1. Per residue, how much space in cubic angstrom lies within the convex hull of the C-alpha atoms of the stretch 459-605?
2. Return a whole-number percent for the relative contact order of the chain, with Cα pairs under 8 Å and 6 or more residues apart as the contact set.
3. Accessible area per residue for the chain in Å², computed with a 1.4 Å probe and the full protein assembly in place, what is it?
4. Could you calculate the contour length gain from Ala588 to Ser271, that is, 0.36 nm times the residue separation minus the distance between their Cα atoms, to one decimal place in nm?
5. Please report the orientation-averaged projected area of the chain, defined via the convex hull of its C-alpha atoms, in nm².
6. Between Thr575 and Lys461, take the C-beta separation as r, use R0 = 25 Å, and let me know the FRET efficiency to the nearest 0.05.
7. Given Cα pairs under 8 Å that are at least 6 residues apart, what percent is the relative contact order of the stretch 307-393?
8. So what is the orientation-averaged projected area of the stretch 158-203, using the convex hull of its C-alpha atoms, in nm²?
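The values are calculated or read from the model by the stated rules, or taken from the named source; none is laboratory data. This structure is a prediction, so every number in the text was calculated from the model and none was measured. Please note: Cβ atoms are built from the backbone with ideal geometry, for glycine as well, and neighbour counts cover all protein chains shown. Please note that ligands, DNA and RNA were not included when accessible areas were found on the heavy atoms of the full protein model with its side chains. Shrake-Rupley method; radii C 1.70, N 1.55, O 1.52, S 1.80 Å.
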Amino acid sequence: MAQQLVDRRDQEFVIWEQINCADILNHETYKEFNKKTCTLIINEARSLAIKELLPLLAEGDSEGVLYENGTVKVPQSFHRVFALVKEGEWNNLSVPTEMGGQGAPAFLGAATAEYFLGANWPLFCYASMGNGTAHMIQKYGTPQQKETYVKKLTSAEWGGTMLLTESEAGSDVGSLTTAATKNLNGSYALSGNKIFITNGEHDLVGNIIHPVLARIEGAPPGTRGISLFLVPKYFVNADGSLGERNDIICSGVEEKHGIHASATCSMTLGSKGKCIGYLLGREREGMKIMFNMINGARMSTGLQAMTYASSAYLLAVNYARERIQGRDLADFADHSAPPVAIIKHPDVRRSLLWMKSYVDGMRSFFYYMTVLATKSNEGETAEDRERCGDLFSMLTPVVKDYMAVKGHEICVQAIQIFGGAGYTKDYLVEQYARDCKITTIYEGTSGIQALDMLGRKLGMKEGTVFVNFLGEIHKTVARAKQMEQIQDLAVRVETAANRLGEVALHLGKKAMSAEFKAAFSHSLPFLHVIGDTIMAWMLLWRALTAVTQLSGKCSKKDLAFYEGQIKTAEFFIGTELPATMGKMNAIADGCAAAIQISDEGFGGL
Ligand SMILES: Cc1cc2nc3c(=O)[nH]c(=O)nc-3n(C[C@H](O)[C@H](O)[C@H](O)COP(=O)(O)OP(=O)(O)OC[C@H]3O[C@@H](n4cnc5c(N)ncnc54)[C@H](O)[C@@H]3O)c2cc1C
């Protein structure tokens, strides 16, 4: 039967054969987990996602959320399935046990989330977003704050949010105007308006804990003057029961392009002068603390896009196998020849392989990142922990933006495979394309990720982190060069990695020169050539793994799978990577037209 959401064999390949997550399971922290339990857990998640969450995806899209007098109702059908997710504790699988989670390694959390996000991101997000809030409280909260909030959030009994954005403070969070004044009892009175707040109000949970960025009276302008406050929807009594309603209300929800079942709320704080917040961490450390949640959310956003892409690709490839249209190109002149499935047409095959190459590359990249994240905490030596943590941090903007942009392009391409049917609501590809677009916008737009990459990450530790990253690619290249079948591919990836190093050095220097604006006009293409090179690396690594497996005994099904890996690497490295080399040349050439053109020169006046 055709697979849905995730290619199961491919996920297993990445986890157990390519990235070798079994290594992680040897660590004491994960002694409760072995390959068998992991497989069982993934199978259960798959079954729940396909049987329960996925059937509500289109319904959530057409029904949306209902705003009424400060309340938000999610689609009625969500309640039963939300309870199933909560009962099964699927929302906190890789949350540490001391926080009320199940302590699974990050890769296992990702493996199950691949299914849940592709099946119904809005529903799963209602259940899991509180983890981000809980992590911040666990790290920076007082013992009482931890006791009051953490387990309620990770169990999804209560929901969590993040309140950064205001109408005049989007990408530039530092310009926010929500104000906080200290009360005599040590709490703070908050007043202001936030917009676009995911899950700001809904009827699936008993309470919602809002982490709110605000400026304490007298604090300096910009991000350094911002503090973070916990603003519960309902106050919590000393015995843990819910008390009075706090003065934070939802004043409306957005009508959106996609993710209709996700409540995107405008929030008014202190309209009655009674909004109380509790400082989390220290005054003026708000941005630093919030970044704990933002970084996690950036990873989740990349994963969200990848799961849409994976789901849309599987729908497209299955449709291409079934849709009969046109004769085989070899029989073009023969009108009596039977029509064939569209997967036989060269252009359709190219398009499918294009999608597959990115989905595969992104999946490998994401699991590679989960391993880095785990090793940054559990690595054997301090040096190893630091190396993995640095690489993880440097590559986070690539996960966030590259996977978002490519994920969206894949969903759009999936519509194309369906032809006219793809443009209708008869198939989920149309919804996936709409739902996916948000991933390039929230948690920092493409432009902001590019700024982060060129302005901060490239120069981390005098550029040594970037050099280490290139070194990781070269390790795979060196191994692949030993295999005759993929030597040529390895040389091409090596050339691309070397060129990327040259371009990075050149652009990094330019970003610190008088021509910095011209340099930053290339920052997003730069982030994307890093992403392309990572795809080529991951696909070469896959091909290397496949060649190794093919040298042993394998079943007919595995033979097709492994050979498919080699062809996918050949395709990407042979057809996409040359374009990347061209893009790298363009970045090095450094055309400054985007800076030099006058504002009027853009026309339209
Ligand atoms: C569905 C949805 C859910 C959301 N959920 C949340 C949430 O839960 N919590 C929350 O706080 N916010 C949330 N947001 C807000 C989201 O994070 C912002 O929309 C986003 O950060 C961009 O801000 P903006 O919309 O004001 O756009 P702007 O900041 O006005 O940006 C407009 C354009 O200018 C570009 N730009 C702006 N500044 C720069 C710069 N310095 N360099 C280069 N390019 C730049 C941007 O890349 C973008 O293309 C959500 C938004 C949506 C639509």
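1. Working: hull volume 18.3 nm³, N = 147.
For the stretch 459-605, the hull spanned by Cα atoms encloses 125 Å³ per residue.
2. Details: 1027 pairs, mean separation 73.5, N = 605.
It rounds to 12 percent for the chain.
3. On the way: 25940 Å² over 605 residues.
For the chain, the per-residue accessible area is 43 Å².
4. Values: separation 317, 0.36 × 317 = 114.12 nm, distance 5.29 nm.
Extra length available between Ala588 and Ser271 comes to 108.8 nm.
5. Over all viewing directions, the chain projects a mean Cα-hull area of 30.8 nm².
6. On the way: r = 35 Å, r/R0 = 1.41.
Efficiency computed from Cβ-Cβ geometry: 0.10.
7. Values: 66 pairs, mean separation 18.3, N = 87.
Relative CO of the stretch 307-393 lands at 21 percent.
8. Details: hull surface 17.2 nm².
So the Cα hull casts an average projection of 4.3 nm².
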